[in-house]
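Visitor: Pasting in a structure now, in structure tokens, and then I'll have a few things to ask.
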Amino acid sequence: MALIREYEERVMELRTAGEVVGPVHPYIGQEAIAVGVCAALRAGDSIVSHYRGHGHALARGVSIDALTAELLGRKSGLCGGRAAALVSDPAVNLLLSSGIIGAGIPIAAGAAMTSQVRGSGDVAVVFLGDGGLGSGVVHETLLMATAQRLPLILVCEHNGYQGGTRSEEVYPDLDLTRIPLGHRMRTVSVDGNDVTAVHGAAAEAVAAARSGAGPTFIEARTYLTRFHLQFDKPSTERRPAAELAHWLDRDPVHLARQRLLAAGTADDDLAAVARKAAERVAAAVAFARSAPWPTPSDVSTNVWAEKP
């Protein structure tokens, strides 16, 4: 969680400096979800992310050097500098990061069905936001996953917003668990800012999926402490000040720190964790800056054109 937080802060600085091209969708405030879920997985399991995917990638074990090189458009990046934030990494079974709302959900179902057919015992996890539940393909996938008892886990990062629109302005009921329950899917609601609670829910869902008990929908209630989208300057904050203050008091990194201190962890040990995270991020940025740019032939690789 400390690494993800440090990384996201640094990436926004790089975007302001013009070294990262294109918008940045920060994951700050939701770190407990990525870490809690990915800590419950094993090597053969698959994950599918979305456009706010740096946290998922780092929690899953993607090379921080290759991820940073990708964001800076370098040849040494995960996808050769072509993908920016929408990365994939077969080395850790990160299948997809998609900017199309809901598009990754049937991909994850396909991975779950592959595991089921092969009898591997592996599971597939897909992360989605509030807005993803408005996509028709999500309901098709929920229906299929339940009917086929797929080893699929859907993790809804319920942060109350769909871009700059409040979810309450879109959905008639903010109890999002009613949607998967309507498809007779096992459903759990959890405090998404409590990494221990998230991990517990994910571990139970993974165990159920591996045993053949079918899919689980996890609603993780959370909040973005940085607004939806960051360009050259921090985007204008449109959310109510009292709402933002409430969630800042429930920052997941702060909550985890307080819990560790209460359990007897030394403050110096936590400071060392933060220092190590900063060193790893600094080293990754240095690696990316020194990495070569792709050549024209590199850029054109895997691009096809069909004659009319």
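Visitor: Could you tell me whether any residue of the stretch 21-39 is at pLDDT 95 or above, in contact with a strand residue (DSSP E or B) (Cβ under 9 Å, 6 or more places away or on another chain), more than 26 Å from Gly200 (Cα to Cα) and not hydroxyl-bearing (Ser, Thr, Tyr)?
Guide: No, the stretch 21-39 contains no residue that is at pLDDT 95 or above, in contact with a strand residue (DSSP E or B) (Cβ under 9 Å, 6 or more places away or on another chain), more than 26 Å from Gly200 (Cα to Cα) and not hydroxyl-bearing (Ser, Thr, Tyr).
Visitor: State which residue is modelled with the lowest pLDDT when the search covers only the stretch 208-247 and only residues that are assigned to a loop (DSSP other than H, G, I, E, B) and basic (Lys, Arg). Before the answer, list the steps.
Guide: Of all residues in the stretch 208-247, those assigned to a loop (DSSP other than H, G, I, E, B) come to 211-215, 222-229, 231-240.
Next, from what is left, pick out any that are basic (Lys, Arg): 226, 233, 238-239.
Details: Arg226: 80, Lys233: 57, Arg238: 75, Arg239: 81.
Only one residue fits best here, namely Lys233.
Visitor: Take the conditions aliphatic (A, V, I, L, M), in contact (Cβ under 8 Å) with a residue 40 or more places away in the chain and under 25 Å from Arg5 (Cβ atoms) and apply them to Ile179. Does it pass?
Guide: On the way: aliphatic (A, V, I, L, M): yes; in contact (Cβ under 8 Å) with a residue 40 or more places away in the chain: yes; under 25 Å from Arg5 (Cβ atoms): no.
No, not satisfied.
Here is a yes/no grid of residues against (1) in a helix (DSSP H, G or I); (2) more than 17 Å from the chain's Cα centre (by Cα); (3) at pLDDT below 95:
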| site | (1), (2), (3) |
| --- | --- |
| Ala108 | yes, no, no |
| Gly121 | no, yes, no |
| Glu140 | yes, yes, yes |
| Thr146 | yes, yes, no |
| Cys156 | no, no, no |
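Visitor: Something else: Among the helices (runs of 4 or more DSSP H) lying completely within the stretch 1-89, list those that include at least 3 residues that are touching a residue at least 40 places away in the same chain (Cβ under 8 Å) and open to solvent by 20 Å² or more (accessible area, probe 1.4 Å). Write out each step before concluding.
Guide: Numbers: elements: 2-16, 31-38, 54-60, 64-71.
Where helices (runs of 4 or more DSSP H) fall fully within the stretch 1-89 and carry at least 3 residues being touching a residue at least 40 places away in the same chain (Cβ under 8 Å) and open to solvent by 20 Å² or more (accessible area, probe 1.4 Å), they are 2-16.
Visitor: From the list Leu255, Leu261, which residue is touching a Leu at 6+ places or on another chain (Cβ under 9 Å), part of a helix (DSSP H, G or I), open to solvent by 40 Å² or more (accessible area, probe 1.4 Å) and not basic (Lys, Arg)?
Guide: On the way: Leu255 fails: touching a Leu at 6+ places or on another chain (Cβ under 9 Å).
Answer to the selection: Leu261.
Visitor: Now a separate question. Output the number of residues of the stretch 90-106 satisfying the condition of being over 16 Å from Val24 (Cβ atoms) and either open to solvent by less than 20 Å² (accessible area, probe 1.4 Å) or not in a loop (DSSP other than H, G, I, E, B) (or both).
Guide: 11
Visitor: May I pose another question? Give all pairs with beta carbons closer than 8 Å in which a residue from the stretch 203-222 that is touching a residue at least 12 places away in the same chain (Cβ under 8 Å) and closer than 17 Å to Ala32 by Cα meets a residue that is hydroxyl-bearing (Ser, Thr, Tyr) and buried (at least 24 other Cβ atoms within 10 Å of the Cβ); count only pairs at least 6 apart in sequence or on separate chains.
Guide: Glu204/Thr216; Ala205/Thr216
Visitor: Looking at the stretch 146-169, is at least one residue within 22 Å of Arg210 (Cβ to Cβ) and touching a Gly at 6+ places or on another chain (Cβ under 6 Å)? Don't jump to the end; show me each part of the working.
Guide: Pass one, the stretch 146-169, residues within 22 Å of Arg210 (Cβ to Cβ): 146-156.
Adding the requirement that they be touching a Gly at 6+ places or on another chain (Cβ under 6 Å) leaves 149.
Within the stretch 146-169 (the criterion being within 22 Å of Arg210 (Cβ to Cβ) and touching a Gly at 6+ places or on another chain (Cβ under 6 Å)), the answer is yes, since at least one residue qualifies.
Visitor: Go through (1) in a helix (DSSP H, G or I); (2) touching a strand residue (DSSP E or B) at 6+ places or on another chain (Cβ under 9 Å); (3) modelled with pLDDT of 95 or more and name the single condition Val117 misses.
Guide: Val117 satisfies every listed condition except (2).
Visitor: So, one more: Look at Ile105 and say whether it is over 19 Å from Ala205 (Cα atoms) and either acidic (Asp, Glu) or in contact (Cβ under 8 Å) with a residue 24 or more places away in the chain (or both). Write out each step before concluding.
Guide: Working: over 19 Å from Ala205 (Cα atoms): no; either acidic (Asp, Glu) or in contact (Cβ under 8 Å) with a residue 24 or more places away in the chain (or both): yes.
So Ile105 fails the test.
Visitor: Scan the stretch 224-231 and tell me whether some residue there is surrounded by fewer than 17 Cβ atoms within 10 Å (Cβ to Cβ) and in contact (Cβ under 8 Å) with a residue 24 or more places away in the chain.
Guide: Filtering the stretch 224-231 for residues surrounded by fewer than 17 Cβ atoms within 10 Å (Cβ to Cβ) gives 229, 231.
After this cut, where a residue has to be in contact (Cβ under 8 Å) with a residue 24 or more places away in the chain as well, the list is 229, 231.
Looking for residues that are surrounded by fewer than 17 Cβ atoms within 10 Å (Cβ to Cβ) and in contact (Cβ under 8 Å) with a residue 24 or more places away in the chain, one finds at least one in the stretch 224-231, hence yes.
Visitor: Let me ask you something else. Taking the criterion of being of a type in the set (Ser, Thr, Tyr), more than 16 Å from Ala201 (Cα to Cα) and open to solvent by less than 20 Å² (accessible area, probe 1.4 Å), would at least one residue in the stretch 126-137 satisfy it? I'd like the intermediate steps shown before the answer.
Guide: Of the residues in the stretch 126-137, the ones of a type in the set (Ser, Thr, Tyr) are 135.
Filter once more, so that each one left must be more than 16 Å from Ala201 (Cα to Cα): 135.
In the following step, the residues that additionally are open to solvent by less than 20 Å² (accessible area, probe 1.4 Å) were identified as none.
Checking the stretch 126-137: not a single residue is of a type in the set (Ser, Thr, Tyr), more than 16 Å from Ala201 (Cα to Cα) and open to solvent by less than 20 Å² (accessible area, probe 1.4 Å).
Visitor: How many of the residues making up the stretch 173-207 are more than 30 Å from Leu260 (Cα to Cα) and in a loop (DSSP other than H, G, I, E, B)? Steps first, please.
Guide: Quick first cut of the stretch 173-207, residues more than 30 Å from Leu260 (Cα to Cα) only: 173-186.
Add one more test, that the residue is in a loop (DSSP other than H, G, I, E, B), and what stays is 173-177, 183-185.
Here the count works out to 8.
Visitor: Still on this structure, I have one more. If you check Ser63, Ser97, Ser88, Ser76, which single one turns out to be under 20 Å from Ala283 (Cβ atoms), modelled with pLDDT under 95 and polar (S, T, N, Q)? Break it down into steps so the answer makes sense when it comes.
Guide: On the way: Ser63 fails: modelled with pLDDT under 95; Ser97 fails: under 20 Å from Ala283 (Cβ atoms); Ser88 fails: under 20 Å from Ala283 (Cβ atoms).
Among Ser63, Ser97, Ser88, Ser76, only Ser76 is under 20 Å from Ala283 (Cβ atoms), modelled with pLDDT under 95 and polar (S, T, N, Q).
Visitor: Working carefully through the options Ala213, Ala241, Ala245, Ala209, find the one that is crowded, with 18+ Cβ neighbours inside 10 Å and among the small types (Gly, Ala, Ser). Give the derivation first.
Guide: Details: Ala213 fails: crowded, with 18+ Cβ neighbours inside 10 Å; Ala241 fails: crowded, with 18+ Cβ neighbours inside 10 Å; Ala245 fails: crowded, with 18+ Cβ neighbours inside 10 Å.
Just one listed residue meets the conditions, Ala209.
The values are calculated or read from the model by the stated rules, or taken from the named source; none is laboratory data. Source: prediction; values computed, not measured. In this analysis, Cβ positions are derived from the backbone assuming ideal geometry, glycine residues included, and neighbour counts consider all displayed protein chains. Just so you know, the surface numbers come from the protein's heavy atoms only, side chains and all, with ligands and any DNA or RNA stripped out. Shrake-Rupley method; radii C 1.70, N 1.55, O 1.52, S 1.80 Å.
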